[in-house]
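These notes are about the structure you will find just below.
The values are calculated or read from the model by the stated rules, or taken from the named source; none is laboratory data. Not measured: the values here are computed from a predicted model. Here the Cβ positions follow ideal geometry from the backbone for every residue, glycine too, while neighbour counts run over all protein chains shown. Accessible surface areas use protein heavy atoms only, side chains included; no ligands, DNA or RNA. Shrake-Rupley method; radii C 1.70, N 1.55, O 1.52, S 1.80 Å.
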Amino acid sequence: MKHVLATILLILSTCTLQAQPDIDLLESGSEGVDFWIAIPPNEMVEYPKTALQIYIASRYETEVRIYDMRTKRTLLRTVQAGGTLTLADEDGSTNWGWELRNAETVENGGIRITAERPIVVYVLNSKGYSTDGYLARPVHTWGTDHVVTAFYDFRELQPWAGGFVIVASQDGTDVEIDLRGTGGELGGRTSTGRAINKGQTLGVAMKKGQTYMVHGNATTKGAFDLTGTRIRSNKPVCLINFHMRTAVPSELVNGNGRNHLVEWGVPVSSWGKRYVSVPFARTSTPKGGRGDYFRVVASQGHTTTIVRWYDVITKVQTGIDTLYLLKAGDFVDIRKSDKPVQLIDGISVWEADAPIQVLQYSCSASFDGDAFLDPFMIALVPEEQFVSSALFQTPMLSDFTNHFLTFVVKVKGDSANRQAHLRSIRINGVPLWNHADLFPQQMANTAIPGTDFYCFRLKVKPGSYTVHGNDSIDVGGYIYGYGELNAYGWPMGGAERRTDVDDIVPPSIEAVETGTGWDVSVQDVGAGLAFIGRPVSDSTTTTSIVGDHGIYGMTEQHMKATFSVRWRDPEAPDSMSLEARDWAGNRRVVKLVPKVVSPLGSESVDFGIVYPLMHPTTRMELHNPTDIPMIVSDVHFARGGIFGTTLTKMTLAGNGSAHFDIMCGSGPRRNGVSTDTLLVRIRGTVFPIVVTADFVSPAPMYSGTMSGTYFVNERKCAQVQIANTGTGNLIVTSLDGLADPFALPFAQIDALPYEIRPGEARTIEYCVASAMEGTFRDTIVCAVNLEESIRIPLEAAVFRTVSIPDAEAIASHGSRIVGTVIPSSILPAGMETATLMDVTGRTVREWRYDAGYVNDGSRPDALYVGDVAPSCYVLQIRSGRNRMTMPIIVGR
């Protein structure tokens, strides 16, 4: 059955905007994208015509296509979201030639209405004082087993007959009609003379869009009725029940108030066991009969129905009746009468032990003396078909001045919260709880005793309406209205769940993840699949559904569907919810979540202590433990600047492995612990690797003897110290850079490298030995674990020595004889150093003066030599670049 509808849904369902419309089709069985309708006869063909109108409403702005099967003409129109599109004969968008007049013959009498997005369709046929209409049902709700619910032929002013119309939506539709009913023994026949209740079936072959009509010969009044006729087909069809014009009850003598009756006939598989009705509105106190006329039709033999009715205001039970129907298709009326009598007057609850159809009829004005009334019929919606949200429409014809919405609300869940649930009900966004036009005014007081139903009525203006509540609210009901000697009535809408199967198990959903999404299999074991797609709660736009999904026809018995869910961006897969419903109303929702198993062998890296110039590297492994390829779509450090990696975008095959490195970079000297996070995005999930390093930085400082005075051919050594004031060990790896007359002891070089801990120091010795006089400079270059080496500058002043063989010789050279001190009077101002050497050149005593003392230009104090052995000595004095040598004789 999934012909054009399925094609439309398949094309559109890859757009996420179609997720909600698909659900709309299931939530409200009257909404759809593909309809076939027909126009049964109203009155006689020559009777004055008022309006043939089709009303189309939608929750969305959408284009509508109307196709006339007879003329092959197509009309395009657009309905606005929340608005009403009216097709009317006065502007040529409908045609009175659509009204069927040829009985028991196949005609091209169908009118097809399709839309890109869900719509509801209502049809109104109005002639002078004879009007009624019906709610059309979309093709996907059609069935293959129907029972006619017409009304008695009414031979009065004219031969007005009751009957039915069948419409096919597919080529190759074979229909079998078992004509049944009442009044055959009183001379009633079909219009072509066929008898009823003979057990013989009438076979009809139909093509898409063709119609077939059967009605009585209208030779009787209140006797012949085709109700109970069974219609079975090999492909889904729709059934439209009608009466040309009649009074209600049909036995009324000179009944004032005759009207056209028409109503859509839902498949037997959608009938229910529990119905609730509310009496139609009146304008005055009845003067004759009271209440509304009802008919109950059985789908199975030996069906018992109990009806209880209650006062509208007090809710006190005022009546009870038990009805027994022997055979499938049998019906009972409450009740036939040729004069005004007491009918069921009040809110009624109908409960049966097998599926039934309950129809409610408005009586003629002369029945209870209220000129407001005129006949119409409504096929009530059973509790089993109540919906959480409904879109419905009143006629836009100005002849009708009063429109009423009757609500039957079922409140589910804890009774303590029922008032809160009732407060959630809104119509076109306006709360109904305290609506000014609500009757009765107190919604909380409208409960039917012993049930979870609440019933109330609302008077409205012409237009389209949407009603909804929270998850604990289900709604049924109907719309009707009156004008001057005129009336109409039709259902508010309802679901089309199958009630003919005992199915409480929701469809199963199995999903196998692939590298691009999921391969999905959905299976049902009972009523058949009704819908596969996104639930209302899922608004994701990152996935698409490709393949067998969407809405399935009720009679298709589509038990299994396979399709794919695809990520729009495989590098960033996303979750999505998937819903499957069957035609018994069972529902299963699963959330498809990408399998993201950590491929990391480790989630942290600690480089430990890192010195300047170090470049530590850690080898890491990626392993894909699944059969599904993993896409590494992004790799970066959260902070950046210190650490690096060789990992880049890549695809890791199923069960595959790969290696990459994480490096600790070099740069300015750092101190302390540094942490960063490597973020690896794999199929939409970010896996972190915490990377840590404890950076240390040695800080060298040198001190000691870096300059001195030396004599030619003298080898003299001095020391400098390298101290570490930093945070890590200072490592001296080489000592270099010295040339003659400077040298480093070999033993000191052989001991390399030196490791100097923070707060410690290391002594470096160097020696000076020169055969030449002069001033020499050089630098000790210490290679360390830093960006730059330590450079220690050295300077040596080398003087020629004087040989003094004896005291006389010294004296002859102007030697000074001193006792225990060398007097300051012979010492030059600004003296920096003084060195006392014996005649072999060995230093006996050395004096140094700080810069502050030297720079003030004063003479130094006397040099104490009282502890020096009496002998001949040489005093070398250095002041700036000046050198002087003075023989000294120390005597006692």
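Compute the Cα gyration tensor for the range 576-635, then decide on rounded, prolate or oblate, letting a ≥ b ≥ c be the square roots of its eigenvalues: rounded whenever a/c is under 1.5, prolate when a/b is larger than b/c in the other cases, and oblate in all that remain.
Working: a/c = 5.11, a/b = 4.09, b/c = 1.25.
Because a/c hits 1.5 or more and a/b exceeds b/c, the range 576-635 counts as prolate.
For Lys649, go through the lysines and keep the ones whose alpha-carbon is under 23 Å away, minus same-chain ones fewer than eight residues off.
Within the straight-line limit of under 23 Å, Lys649 reaches these lysines: Lys595.
Is it possible to state the helix-based mean residue ellipticity at 222 nm for the chain, with each DSSP H run of 4+ residues giving -39500 (n - 2.57), the sum divided by total residues, to the nearest 500 deg cm²/dmol? What is it? Walk me through the intermediate numbers first.
On the way: 7 runs with 44 residues, N = 892.
Using -39500 (n - 2.57) per qualifying helix, the result is -1000 deg cm²/dmol.
If you take the square roots of the eigenvalues of the alpha-carbon gyration tensor of the range 145-284 and sort them as a ≥ b ≥ c, do you get rounded (a/c under 1.5), prolate (a/b over b/c) or oblate?
Numbers: a/c = 1.99, a/b = 1.35, b/c = 1.47.
It is oblate, given that a/c is not under 1.5 and a/b is not larger than b/c.
Could you pull out every residue, at least 5 positions away or on a different chain, whose amide H is within less than 5 Å of the one on Thr833? Hs are placed 1.01 Å off N in the peptide plane, and Pro or chain starts have none.
Arg878
For the chain, what mean projected area does the convex hull of the alpha carbons give, in nm²? Display every interim value, and only then the final one.
Working: hull surface 236.8 nm².
Computing the convex hull of the Cα atoms and averaging its projections yields 59.2 nm².
Could you report the chain's accessible area per residue, 1.4 Å probe, as an integer in Å²? Can you show the working numbers first?
Details: 35180 Å² over 892 residues.
On a per-residue basis, 39 Å².
For labels at Asp838 and Val597 in the simple 7 Å Cα→Cβ model, what's the distance in nm?
9.0
Within the chain, what is the longest stretch that has no GluC sites (Glu not before Pro) placed in a DSSP loop and near at most 14 other beta-carbon atoms within 10 Å?
Values: sites that count: Glu46, Glu61, Glu484, Glu603, Glu760, Glu773, Glu787, Glu788.
For GluC sites (Glu not before Pro) (loop position, at most 14 other Cβ atoms within 10 Å), the longest site-free span of the chain is 62-483.
Check Ile609: other-chain or 5+ apart residues with amide H under 5 Å from its amide H, H built from backbone geometry?
Counting only residues 5 or more places away or on other chains, the set is Asp694.
Full extension from Arg757 to Lys49: what is 0.36 nm times the residue separation minus their Cα-Cα distance, to one decimal in nm?
243.7 nm
Simple spin-label model, 7 Å along Cα-to-Cβ: Gln557 to Arg619 in nm?
Using points 7 Å along Cα→Cβ, the separation is 6.4 nm.
For the range 683-752, which trypsin sites (Lys or Arg not before Pro) are both in a DSSP coil and crowded by at most 14 other Cβ atoms within 10 Å?
On the way: sites: Arg683, Arg715, Lys716; in loops: Arg683.
In loop regions of the range 683-752 (DSSP not H, G, I, E or B), there are no sparsely surrounded trypsin sites (Lys or Arg not before Pro).
I need the shape label for the range 446-518. Rule: rounded when a/c is under 1.5, else prolate if a/b > b/c, else oblate, with a, b, c from the alpha carbon gyration tensor.
On the way: a/c = 2.68, a/b = 2.04, b/c = 1.31.
Prolate, since a/c reaches 1.5 and a/b exceeds b/c.
Considering the range 167-228, what Rg and Dmax in Å follow from its alpha-carbon atoms?
Considering the range 167-228 through its Cα atoms, Rg and Dmax are 13.0, 38 Å.
Which whole number in µm²/s is D for the range 32-491 by Stokes-Einstein, with the Kirkwood Rh taken over Cα pairs at 20 °C and 1.002 mPa s? Display every interim value, and only then the final one.
Numbers: Rh = 22.1 Å.
After rounding, the answer is 97 µm²/s.
Say the cut-off is 18 Å between C-alpha atoms; which of Lys336/Lys459; Lys273/Lys327; Lys273/Lys410; Lys207/Lys235 go over it?
Values: Lys336/Lys459 30 Å; Lys273/Lys327 16 Å; Lys273/Lys410 15 Å; Lys207/Lys235 11 Å.
Going by Cα-Cα distance, Lys336/Lys459 fall outside the 18 Å limit.
Under 12 Å Cα-Cα from Lys198, which aspartates and glutamates qualify once same-chain neighbours fewer than 8 residues away are excluded?
The reachable aspartates and glutamates, counting only those whose Cα sits under 12 Å from Lys198, are Asp178, Glu185.
Short version: ³J(HN,Hα) in whole Hz for each residue of the range 432-443, in order, from phi by Karplus 6.51 cos²θ - 1.76 cosθ + 1.60 (θ = phi - 60°), x for Gly and Pro, what are they?
8, 3, 10, 5, 5, 9, 7, 9, x, 5, 8, 4
Got a sec? Charge dipole of the chain, +1 on Cβ for Lys and Arg, -1 for Asp and Glu; which of Ala168, Gly83, Trp98 is way out at the positive end?
Sorting the options by dipole projection puts first Trp98.
Under 28 Å between alpha carbons, and skipping anything fewer than 8 positions from Lys591 in its own chain: which lysines qualify?
Lys2, Lys412, Lys560
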